[in-house]
Amino acid sequence: MVIKEAKFLMSNTKVEACPAPNRPEYAFIGRSNVGKSSLINMLTEQKKLAKTSAQPGKTQLINHFLINDEWYLVDLPGYGYAKVSKSSRDEWRRMINFYLQKRENLTCVFVLIDSRHDPMKQDLDFINYLGTMGVPFVLVFTKLDKQSAIKTDSTIAAWKRKLRETWEELPQMFRTSSEKQIGRDEILNFIEEVNAQ
Ligand code: GTP
Ligand code: MG
């Protein structure tokens, strides 16, 4: 897929205030600092479309972007940032649960996972929650440039083992580096194929 146009539309806390659900929607989620906003910028080839930060917790709202006037891309706030208060965590959970349950045009959730780390409970809980709810999702392993291919392979193998404990079918998996532009075509082709279905 060629990205002809990518523009920021709006930020919301409420699902009802999000853009009209008249196009397929792809949401990016994962731990704070995993590289969601960076991946969105890499995919759209716009350095500053989604706000990134070395400081975790940068993205706090549901951010809608419109791509090629055809589909929505959504940057969601991350989970698992230790310094967040319990009330903020509860707020996050409410907002995300509501978004995942009510957003009728949500087509696929991209769950980002840092390829340097073995499976973490919070990621696993979130993935199992998506699976239980029947929300279609794929996994995206990020920051490939930060370690050897062998280490990435071993992280992904550990994830497969872990997921097989609960699920018969494994989700599709992508390997990415926003720094090195790895995985861009694979993700955009996937979206193009799903849009065409
Ligand atoms: P929150 O919005 O806070 O949840 O974070 P996020 O998941 O949107 O992460 P963000 O894209 O802001 O990136 C966090 C940090 O990781 C930044 O310092 C990025 O430059 C860095 N980063 C993101 N992706 C990559 C990557 O592929 N390679 C490398 N080396 N660094 C990356
Ligand atoms: Mg972000």
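The values are calculated or read from the model by the stated rules, or taken from the named source; none is laboratory data. These numbers come from a predicted model, not from an experiment. Here Cβ is always computed from backbone atoms with ideal geometry, including for glycine, and neighbour counts include all displayed protein chains.
If you check Lys143, Lys151 for being at pLDDT 95 or above, basic (Lys, Arg) and either within 17 Å of Gly35 (Cα to Cα) or touching a Cys at 6+ places or on another chain (Cβ under 8 Å) (or both), only one passes: Lys143. Per this entry, Arg94 is counted among residues that are free of Cβ contacts under 8 Å to residues at least 40 places away in the same chain, within 26 Å of Asn22 (Cα to Cα) and surrounded by fewer than 12 Cβ atoms within 10 Å (Cβ to Cβ).
Considering each residue of the stretch 81-96 in turn, at least one proves to be modelled with pLDDT under 95 and within 27 Å of Glu168 (Cβ to Cβ).
Within the span defined as the stretch 38-49, every residue fails to be among the small types (Gly, Ala, Ser) and either exposed (fewer than 14 other Cβ atoms within 10 Å of the Cβ) or away from ligand 2 (no atom under 14 Å from the Cβ) (or both). Residues in the stretch 139-162 that are surrounded by 14 or more Cβ atoms within 10 Å (Cβ to Cβ), part of a helix (DSSP H, G or I) and of a type in the set (Val, Ile, Thr): how many? Residues flagged as surrounded by 14 or more Cβ atoms within 10 Å (Cβ to Cβ), part of a helix (DSSP H, G or I) and of a type in the set (Val, Ile, Thr) within the stretch 139-162 amount to 3.
Only one of these is within 16 Å of ligand 2 (Cβ to nearest atom) and touching a Gly at 6+ places or on another chain (Cβ under 7 Å): Val74, Val84, Val140. Name it. Full working, then the answer.
Details: Val74 fails: touching a Gly at 6+ places or on another chain (Cβ under 7 Å); Val140 fails: touching a Gly at 6+ places or on another chain (Cβ under 7 Å).
From the options Val74, Val84, Val140, the qualifying one is Val84.
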